[in-house]
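Since every read-out is calculated from the coordinates, none of them should be taken as a lab result. No experiment lies behind these values; they were computed from the predicted model shown. Positions of Cβ are backbone-derived with ideal geometry, glycine not excepted, and every protein chain shown enters the neighbour counts.
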Amino acid sequence: MKCPPFDYHRATSVADAVDALQAAGDEGKILAGGQSLVPVLALRLARPAVLVDVNRIPGLAGLERRDGVLHAGALVRHLALADQRQHPLAAEAARWIGHTAIRSRGTLAGSLAHADPAAELPAVLRACDGAVQVAGPSGTRRLRADELFVGALQSALADTEMITGVELPVPDAWGFAEFARRHGDFAVVSVAAARFGERVRIVVGGVAGVPHLVDAGDLATVDGDVSDDRVTLLAAAAADDVDPASDLHGSAGYRRALTEQMTLRALADLAGHLRPVREPA
Amino acid sequence: MAAADPAMTADHGPASGTPVRRKEDARLLTGRGRFVSDLALPRMRHVAFVRSPVAHGRITGVDTAEALEVEGVSAVFTGEHPAIGPVAMRAQSALPGYVETDQPPLARGKVRFAGEAVAAVVATDRYVAEDGAEAVVVDYEPLPPTVCAWAEPAHPVHDEAPDNLLLSRTFRAGDVDAALADAHVVVDRELTTNRHGGNPVECRAGVARYEAADRKLTFWSGTQVPWIVRTQLAELLDLPEGNIRVIAPDVGGGFGVKAVLYPEDVALCLMAMAMPGTALKWVEDRVEHLLAATHARDHRYVLRAGFAADGELLAVKADVWCNAGAYSVHPWTAGIEPLMAGGLLTGPYKLADYECTVRGVATNTSPSGPYRGVARPSTVFAMEALMDSGARALGMDPIALRRRNLILPADVPYRMPSRLVDDSGAYEACLDRAVATFDLHRWRGEQVRRRRDGGRPLGIGVGIYNELTGLGRAASAGPRMAFRTGHDACTVRINPDGAVTVFSGVTSQGQGLETTMAQVVADALGVDYGDVEVRIGDTDQSLWGFGAFSSRQAVIGGGAAHLAGEHVRGKALALAAALKEAPVEELDLRGGQVYMAGQAKPIISLAEVAKVAYLQSDRLPEGFEPGLEGTKFYDPIRGAFAAGAQIAALEFDPATGEIGILDWVCVEDAGRIVHPVIVDGQIAGSIAQGIGGAMYEHLVYDDAGNLSTGTLLDYLMPTAGEIPELRIGHVSTPAANPTGVRGVGEGGTLAPNAVVAGALADALGVEIDDLPVTPARVWELVHP
């Protein structure tokens, strides 16, 4: 469990990082919080020729809410996300990530780029219909959550691109529920629910290669409060809509049942978690 | 013991029984522990093992050329290397029907489990060693693997055992078939328990250095059993035993996993002998530990029990399969789990008619070895499952049924159907106190309330057990091996300044043995706890100790410490009496001062006596040798059974399978307690490991023999967040040994399987046959 040899480049700016990645061809890898990458290196499951350390790039750790959207820098640590009050869904989800040591190092953009379908923040990005700002050799581009996640541990990012910022629209109401084997584990199933106007978006983590956006049809349109009956129907719709695989921690049937239960909990949560009227400082 | 001595004054009360500051804590709590992993020696090289990716296969070629090209790699060893090739480990037992097999230090000819060491690379650091290990090319011709011990064997793991059966034995008492025929109810259960392992925070580690000029080998090892390792190494390496020094410094947990001599240990020492003067270091990483350190408890039980109408247990008939893994573990053999299972299955219950056939079956999985509780977490689960099924069949209260059958104080010494002799009888006392502490009445009320009002279903689980501790020569641990592990030695030396150094044969992996030995010696000798320093774990310092296993050290090492302390106390008093011309029978030594009966002021200090003994031979009275020390062995001959009972309330969410522990009570009989906080820590830690085994920890192999749970991402160990507040109580029945203690290291692990499974059945009315009890399993049982 020792990393294979690699070169190390400490990037001083986004442009410098992109240059370094480009110079490495498809052999470069960004080192941010390192909470997923370093174990993968130690297990020799990845052997990048160059690690491009982005931790010292200035200006990437900001958090700012503008026009109903939380703009977060790539290097915002989970701990900072958990502590902020401007996007309560993201804060709640971040509290479910690992343990303090992990949360104090792991980054928002790192989690999104790693694209683990059982991780909390990818589910939140998709539930909020958020987007990432990406810098690459040919300039910058914006990728919506639906575009970013391609498959398990696969994103639409090129090897020479890096996420520089994250846009997380703040929902009018929100709920989050997770079932994990132990405190701090990846979810067996998690559900992030976000209401924007009359639409409720429900995203299920842990049941597919990407965070799964539930297609609940007309059920997802609500007028006023989400009634108990509607909650029950939406949870059943979510369970119907997922097609999970079986693994060591549970069968497909069990994950489907958990999807229904976690959706029930997240939607129950949603009723009590309304968007603050005024944007908090 | 000294604690009972009426001459003892309040100023110098006994250290035993009080929570004195631990001797180890200053260094362990400030990060100044000295572990093998910390050891750095001049010209030290680092070793990485090449491990088999296949479960079963012939080795058709090993190419080390490319690895030797890696810059920084100094040597590569394979099983065929002249330094390694002639050596094979053989775990020996005189039990009839035991099939002896070879275990090579590095695989030769074939590999028998995924993770077996095939080659070793020596390099400047561990990174380079792993680069080298990647460059070793091994060709395998796959053979069909056998993973399950109760499935048809695919292909013999060892040619000597074509049916893969390394050992089988039938325990028989009375006439079980006749007793079953007379039974009012007969219950059947088929159970499996989950493979899991010790997983100490510090994995295995060793540094070996050989000096060719004087043929001396030093082996720093995180072992629980340095003297056993020395004896075995002497034989395997063909060195005089006195030329081998084994040092176990601070060790970060053992739990039985480190009570084994491993092929990696032997390979490391053989390689060091092939590279004289170069220290070789190997520190196991977590992936290696999960893959290749010993596993345990992969068992199947097919059970039938008969009960009389009044609940009396009349008969138990059992067939047991224990997955021994690819090799008969050294030195304990493939018999370690099956023989314990058959010997202790009936636990704290009286039974005359018993038949139990146990088997140790070779498979293409990592070898099974000792793990805290050895087999009994499985057998207690099995026995308590029979009790719970019996209670349901009879319509009896499950606790009442247990009471009906417990071995009581009037029954001891009680000869169990396996012929082990139980000296405890404290089961009902433990159960009574556990039930009272738990407040069974209140929890039963809560259970009824929830059933009525629709709350989350709640169940109560019970486990009662006997821990066989401190085994002497008559009931020695291990299946008729070449050695009997009944005794330990201790040397007590009074230094010229009157302070005391103890050279004990015990070893410590974090359980505070330096403290416990110091307490015992301080009281036996009559000095302050603060004046006693304890040296352990070095075969060149202390005379002898078999080490940490079978909850033996407080009993046996403590017994030796007490006897040695008393012996040296006698010597010191004799010298004091001669020096002061006082009658020795009127002298008392306490707090490092010698007192004359009836006098408040001491007549001479121990320091003064010691000064004479070492430095002022001109003052030595006639007939006295210089020096002030003594060595004693202790062997309890039999053992001390330790009783325990655990009872807990758990709730289960039928919709998610979620399991919540609401309350957990444990009462044990540790005999006389030397250090209350250490004892409670042992109990709490072992319950936590038991809960880990019951609910989380599961080493899973796929059909091809690949370990599916190869990292701690998938092999789940409980953290502080998963372990409830434990309420621990005691009944203290002093055992018949010098300090009155009973072993306490393992008992806590024995009940959680039974408690969790029993609570599930009590809450939801579903019997669980296969462990662990996970949320997914609970959900599946509720939604068949």
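Across chain A, Cα pairs under 8 Å and at least six residues apart give a relative contact order of 16 percent. For the range A:69-75, the Karplus equation 6.51 cos²θ - 1.76 cosθ + 1.60, evaluated at θ = phi - 60°, returns couplings of 10, 8, 9, 10, x, 4, 9 Hz by residue, with Gly and Pro reported as x. Within the range B:492-508, list the residues whose amide N lies under 14 Å from a label point set 7 Å along Cα→Cβ of B:Asp618. Backbone N within reach: none found. Applying the Karplus relation 6.51 cos²θ - 1.76 cosθ + 1.60 with θ = phi - 60° to the range A:30-41 yields 3J(HN,Hα) values of 7, 9, 10, x, x, 6, 9, 5, 5, x, 5, 5 Hz, where x marks Gly and Pro.
Look at where the Cα atoms of the range B:200-275 and of the range B:712-772 average out, and the two centres are 33 Å apart. The alpha-carbon of A:Lys29 sits under 26 angstrom from the alpha-carbons of these lysines, leaving out residues fewer than 8 places away in its chain: A:Lys2.
Here B:Asp540 and B:Ala474 are evaluated by their C-beta separation; at R0 = 41 Å the FRET efficiency comes out at 0.85. Each residue of the range B:495-510 is assigned a 3J(HN,Hα), and the resulting list reads 7, x, 8, x, 6, 10, 10, 10, 10, 9, x, 7, 10, 10, 10, x Hz, derived from the Karplus form 6.51 cos²θ - 1.76 cosθ + 1.60 (θ = phi - 60°), x at Gly and Pro.
Under 5 Å between amide hydrogens, built in the peptide plane, is the criterion, and for A:Ala173 it picks out A:Arg195, A:Arg275 among residues at least 5 positions away or on other chains.
Under a 5 Å amide H cut-off, with hydrogens placed 1.01 Å from N, B:Val246 pairs with B:Phe219, B:Thr539, B:Asp540 among residues at least 5 apart or on other chains.
Working from label points 7 Å from Cα in the Cα-to-Cβ sense, the B:Val448 to A:Ala23 distance is 7.8 nm.
Annotation: extensible slack from A:Thr100 through A:Asp159 equals 18.3 nm (criterion: 0.36 nm per residue apart, minus Cα-Cα distance). Legend: helices of chain B (whole DSSP H runs) are marked when their alpha-carbon atoms reach 27 angstrom or more along the helix axis and their mean Kyte-Doolittle hydropathy is at least -0.5; marked are B:558-580, B:676-695. Here the relative contact order of the range B:506-611, from alpha carbon pairs under 8 Å that lie six or more residues apart, stands at 25 percent. DSSP beta bridges confined to chain B are antiparallel in about 80 percent of cases. Hey, what angle do you get for helix A:228-241 against the long axis of chain A, alpha-carbon based, 0 to 90 degrees rounded to 10? Around 50 degrees separate the two axes.
In this simple spin-label model, placing a label point 7 Å from the Cα along the Cα-to-Cβ direction at both A:Glu64 and A:Arg199 gives a separation of 2.7 nm. Rounded to the nearest 0.05, the FRET efficiency derived from the C-beta distance between B:Ala234 and B:Met717 at R0 = 30 Å is 0.25. Here the spin labels are modelled as points 7 Å beyond Cα on the Cα-Cβ line, and at A:Arg142 and A:Ala271 they lie 3.6 nm apart. Note: relative contact order over the range B:230-291, using C-alpha pairs below 8 Å and six or more positions apart, is 22 percent.
Could you tell me which of the pairs B:Lys317/B:Lys350; B:Lys580/B:Lys632; B:Lys23/B:Lys258; B:Lys258/B:Lys632; B:Lys571/B:Lys632; B:Lys571/B:Lys611 are separated by over 21 angstrom between their Cα atoms in the structure shown? Cα-Cα > 21 Å for B:Lys580/B:Lys632; B:Lys23/B:Lys258; B:Lys258/B:Lys632; rest within.
For the pair B:Ala65 and B:His783, a Förster radius of 51 Å applied to the C-beta separation gives a FRET efficiency near 0.35, rounded to the nearest 0.05.
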